[in-house]
Structure formats: structure tokens, C-alpha cells
1. Of (1) surrounded by 11 or more Cβ atoms within 10 Å (Cβ to Cβ); (2) under 30 Å from residue 147 (Cβ atoms), residue 7 satisfies all except one. Which?
2. Being surrounded by 11 or more Cβ atoms within 10 Å (Cβ to Cβ), in contact (Cβ under 8 Å) with a residue 12 or more places away in the chain and farther than 30 Å from residue 13 by Cβ, is that true of even one residue in the stretch 69-76?
3. Kindly evaluate residue 19 against the criterion of being exposed (fewer than 12 other Cβ atoms within 10 Å of the Cβ) and under 30 Å from residue 145 (Cα atoms).
4. Can you report the number of residues in the stretch 99-152 which are over 21 Å from the mean Cα position of the chain (by Cα), over 24 Å from residue 9 (Cα atoms) and free of Cβ contacts under 8 Å to residues at least 12 places away in the same chain?
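Any read-out appearing in this document is the output of simple, stated calculations on the displayed coordinates, not a laboratory observation. Just so we're clear, the structure is a prediction, and the values are computed from it rather than from any experiment. Cβ: placed from backbone, ideal geometry, glycine included. Neighbour counts: every protein chain shown.
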């Protein structure tokens, strides 16, 4: 018996492959369930503060505040000239408080990205396994076709090309 005549094991059926398949995880739901209230707060702040809208709000407010208190008529100015020091102090306090909060938010987002990467890896492994099964089926079908053509006495050259006259 030649290598072509050797009996090949039948590849797993679709039902067997589906039974072995684990369900795909929804990492977005998993991640959301793991978040504490403080992490949700940090995410909310991170998502809002990290926008151009917030930047324009702060820049606009600062320009209006400085402009009004330096260009408006003296009786209409609401802060004396030394209030600028208070404004700088308040600005620095906002920065000092926002930085750690933004870092916490970034860490939470990073954990979520890692969960998504793990889920993608799992899906890739499933896909690889299923493609492997498909290739096994194709190889098995090719083996069966070779056996049938040999049994019918058809040589590979005769195939479906027909005869040339």
C-alpha cells in the first residue's frame, strides 16, 4: 500500500468543533462590572477634561477674566490687580487635583485596552483552530477524490479538461 492509499483519519465534524468552542467574552461588560465608583468618577472626568471643548472653555474663561479685569473701566472690574495671584493659585490647584485623577482614568482605560487585546487573542486562537479544521477537511476531501479517481481509473491528466482533437 502506497502513501496515497493509507487511510486518513476523518477530521472533526462541525458539531464537534462547535462543542469545543468557548463563547466569546464581552470584555466591555466585564470591564464595566469591575469598576469602582471612584474609577467611574475618574473615567467621567478623564473623558470630559480630555476634550478640546474643555480646553476652549478654560482658555475662553481665562481670556475673558483677564481681559475684563485689565481692559474694563476700573469701577466695573470685579477683581483687584492682586487677584491675578489668586487666579494663578486656583489654576495650579485645578492642575494638581486633575493630574492624578486623569492618570487614574488613563490606567482604567489601559486595563480596558488590555482586556480587549486578550479577547482579540482568544478570537484569533479560535479562528486559527477553525481554519485548521477546514484545511483538514479539504485535505481529507482531496484524499477521497484521489481514491475515487484511482478507483475509476482516471489519471490526473484526464481530469475534467476533456480531450483535444
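1. Evaluating residue 7 over (1) surrounded by 11 or more Cβ atoms within 10 Å (Cβ to Cβ); (2) under 30 Å from residue 147 (Cβ atoms) leaves (1) as the failure.
2. Yes.
3. Details: exposed (fewer than 12 other Cβ atoms within 10 Å of the Cβ): yes; under 30 Å from residue 145 (Cα atoms): yes.
Answer is yes for this residue.
4. Looking only at that region, the number is 2.
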